[in-house]
Amino acid sequence: DRFGHQGVGGFGAEGFGGFNSEVFADLEDVLGSFFGFSMGDVFGGGGRRTRGGSRRGADLRYDLEIDFLEAARGIEKELEVPRLEACGTCRGTGSRSGARATCSACGGRGQTVHRQGFFALSRTCGACGGTGQILKDPCADCAGEGRRRKVRRITVKIPAGVDTGMRLRVPGEGEGGLRGGRAGDLYVVIGVREHPRFQREGPHLRIAQPITISQAVLGTDLEIPLLDGSSRLNIPPGTRSGTTFRIRGKGLARPNGGPPGDLYVTAEVHIPARLTKKQRELFERLAEVEPPADAPPKDIFGRVRDIFS
């Protein structure tokens, strides 16, 4: 169990973010063996072990993939988390009665000192593991460790508006502490599947809306789909392909609070690849009366002459 265990459903029990406290524990043992001091002596803090051998449990990571609409609306998910929990028989102490005795090998110091000439080599006591105490009657169910492997069902509330890569911290739902130590935390890392139509930019959404040539020229009102329901959007006459309209407040919620994002609608003028006979006749009549695309615009007098001609 030194480096954790592998679970199911994309779950890993390694130290979160690649951190592993055992690396520092090994370094402490090396320094203690060669130089006779611990990491706590160097940095002014306590060692990794506390009196009685208790130690904080490891943090756990759970990778959770959810649907786009679930991320937009928020949802509660039930997770199955395999982890080490406090033994119910000994209540996490590792001993049925809780009785302990001072380690005779190290005299309760947790370290043994070996002298070689001018050097005094200090090593972690192998009998008590550096705790300085020995359990008198180890618990038979957990072999004196104070923890047992279980699969726990945990309900996690996912707030609306979460995005890929966001982490949710669930305090105290990591692995149980060793011999009565406090439990670690559970970190749920979110992955959001893409939506077939909506594109996300933070709290904002983008959507491409096809319109016909006549709608672009004459203008129209369209029903624009939203994540929930629809909204009316006015397309003014003379709209060019690529014109973007904003619908305020119809984007995604912000997980940390604040106003919701906006929805940006980009009009894309659809040019038909094939025309019916009637459509071709209408476009041919239009071609006879419409000016060239590079012709300068007429002034008001030119327009009046065209009306009366």
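The values are calculated or read from the model by the stated rules, or taken from the named source; none is laboratory data. Being a predicted model, the structure only gives us computed values, none of them experimental. Virtual Cβ from ideal backbone geometry, glycine too; neighbours counted across all protein chains shown. Ligands, DNA and RNA are excluded from the accessible area calculation, which covers all protein heavy atoms including side chains. Shrake-Rupley method; radii C 1.70, N 1.55, O 1.52, S 1.80 Å.
Observations
- Sequence of 112, 124 from largest to smallest accessible area, 1.4 Å probe: 124, 112
- With K and R counted +1 and D and E -1, the other residues having a Cβ less than 15 Å from that of residue 69 yield a net charge of -1.
- Computed FRET value (nearest 0.05) for residue 207 with residue 271, which takes r as the C-beta separation and R₀ as 30 Å: 0.90
- Of the solvent-accessible surface of region 53-130, computed with a 1.4 Å probe and all protein chains present, 45% belongs to carbon and sulfur.
- Measuring with a 1.4 angstrom probe and ignoring ligands and nucleic acids, residue 204 comes out at about 50 Å² accessible.
- Solvent-accessible area per residue in region 55-132 equals 54 Å², computed with a 1.4 angstrom probe and all protein chains kept.
- The gain in end-to-end length when the residue 226 to residue 289 segment is fully stretched comes to 18.7 nm, 0.36 nm per residue minus the alpha carbon separation.
- Net charge of the neighbourhood of residue 208, taken over other residues with C-beta under 9 Å away and scored Lys/Arg +1, Asp/Glu -1, is +1.
- Taking only protein heavy atoms and a 1.4 Å probe, the accessible area of region 143-270 is 47% carbon and sulfur.
- Among 128, 102, 116 - extreme Cα towards positive end, dipole of region 53-134, charges at beta-carbon: 116
- Summing Lys and Arg as +1 and Asp and Glu as -1 over all other residues whose Cβ lies under 9 Å from the Cβ of residue 190 gives a net charge of -2.
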